[in-house]
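A short worksheet on the structure shown next.
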């Protein structure tokens, strides 16, 4: 049987990062863990995880200074752990608009 630590290790994510993915995407923790693991298999996945933490930090900054300080530390740690500079906005497979045609 896999433990939570095993799942986090396989996903290459910290529990705090998964919690931020869950908060950003309004998902339960385990679903967010699966989403995070899936994202990190994409070339732009590191940037997506960093962006979710950043978005949560910006929202918290306006409401709670203590939470913002904690999220800033997590954001810095996330940038260190997931440094891939790939910009998904320039990806050739990114949808141009909401009505992407195949």
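Summary of packing: across the peptides 1-7, 47-53, the per-residue average of other C-beta atoms within 10 Å ranks them, highest first, as 47-53, 1-7. Taking 7 Å steps out from each Cα toward its Cβ at residue 14 and residue 34 produces label points 2.6 nm apart.
Counting other Cβ atoms within 10 Å as a rough exposure proxy, the listed residues 17, 25, 34 run 25, 34, 17 from fewest neighbours to most.
Above 21 Å, the calculated P(r) of segment 10-88 contains 20 percent of its Cα-Cα pairs.
Residue 67 label point, 7 Å along Cα→Cβ, cut-off 18 Å on backbone N: hits in segment 27-49? Answer for this model: 27-29.
Each value in this text was obtained by applying a stated rule to the coordinates, not by laboratory testing. Keep in mind the model is a prediction, meaning the values are calculated, not measured. Positions of Cβ are backbone-derived with ideal geometry, glycine not excepted, and every protein chain shown enters the neighbour counts.
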